[in-house]
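S.K.: Before I ask anything, let me first share the structure, which is written out below as structure tokens.
The values are calculated or read from the model by the stated rules, or taken from the named source; none is laboratory data. In this text the structure is predicted, and so the values were computed from the model without any measurement. Using ideal geometry, Cβ is built from the backbone for each residue, glycine included, and neighbour counts are taken over all protein chains shown.
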Amino acid sequence: MTADTVDTAEGGAGTAGGRGTPRARRANGAADAGRWAPGDHVLWRYRDNADARRFHICRPMTVVQDTAELLAVWMAPGTPCIKPVLADGTPVHREPLSTRYTKPRRTTRDQWFGTGVLKLARPGDPWSVWLFWERGWQFKNWYVNLEEPRRRWSGGIDSEDHFLDICVYPDRHWEWRDEDEFAQAQRDGLMTKARAAEVRSAGRAAIAQITAWRGPYSDGWEDWRPDPSWRIPALPEEWDRAPDRLRS
């Protein structure tokens, strides 16, 4: 799922097999020992593919779990966010593919609609896995968002979307998604042939995990629910500030 269109499809989430327990947020937004605590608020940001100095997507998230093996965060319905639009305000996904990545853009404030989304990310993986539900917590699917391995900083994590994605369904079958956008991004110079080959290879590695039905698909996250006491995070005025104190 591309960063431009993901805000039209949502899901919900908390800790596998149980409800998260929020803790008082530290002044710097980080938990002891360099980890965030359940209930902490962090930013999940994507850099502009045409200009790595700029962020064009920012989503405040609530931490569900943060360990050396996995970061799990939850975006509630109604969460304020930043997304890209064309310079005249037209939603990016409404622009024909041939000019979608070449027309001037700007960012705008919006909010996340639908039932929310849970994002799972393992350190170093060039993808994150998102869980989506229908209303009433009917599980819909996993979504493998191929992206630059995330860099942690004091206020959250930063990445860059790689256009190509994989959809995984409860019956364990999977399919590539957004291959047309992946090809167009290459034609428009947003991705070199070498980088495209790396992204495709990362996708094949993700598919190997899906085929073997390893975590997170076998870990029961689809049964997780958010702590009802969690509040919706605010979107900071300086949502696009340069990351400080980069963390591993």
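S.K.: Take residue 115 and tell me if it is touching a residue at least 60 places away in the same chain (Cβ under 8 Å), closer than 30 Å to residue 69 by Cα and surrounded by fewer than 21 Cβ atoms within 10 Å (Cβ to Cβ).
M.R.: The answer is yes for residue 115.
S.K.: While we're on this one: How many residues are of a type outside the set (Ser, Thr, Tyr), at pLDDT below 50, more than 19 Å from residue 237 (Cβ to Cβ) and surrounded by fewer than 21 Cβ atoms within 10 Å (Cβ to Cβ) if we restrict to the range 8-62?
M.R.: 11
S.K.: A further question follows. Pick out the one residue from 229, 159 that is within 26 Å of residue 43 (Cα to Cα), of a type in the set (Ser, Thr, Tyr) and under 20 Å from the mean Cα position of the chain (by Cα).
M.R.: 159
S.K.: Also, quick follow-up: If you check residue 169 against the conditions, is it of a type in the set (Ser, Thr, Tyr) and within 22 Å of residue 61 (Cα to Cα)?
M.R.: Taking the combined requirement at face value, the residue does not satisfy it.
S.K.: Taking the range 87-108 as the search range and keeping residues that are surrounded by 17 or more Cβ atoms within 10 Å (Cβ to Cβ) and touching a strand residue (DSSP E or B) at 6+ places or on another chain (Cβ under 8 Å), which one is nearest to residue 232 (Cα to Cα)?
M.R.: My answer is 107.
S.K.: Residue 129 is checked against (1) of a type outside the set (Ser, Thr, Tyr); (2) farther than 22 Å from residue 72 by Cβ; (3) assigned to a strand (DSSP E or B) and fails just one. What number does that condition carry?
M.R.: (2)
S.K.: Being of a type outside the set (D, E, K, R), more than 16 Å from the chain's Cα centre (by Cα) and surrounded by fewer than 21 Cβ atoms within 10 Å (Cβ to Cβ) is the filter here, so list the residues in the range 162-190 that pass it.
M.R.: 169, 170, 173, 174, 176, 183, 184, 186, 189, 190
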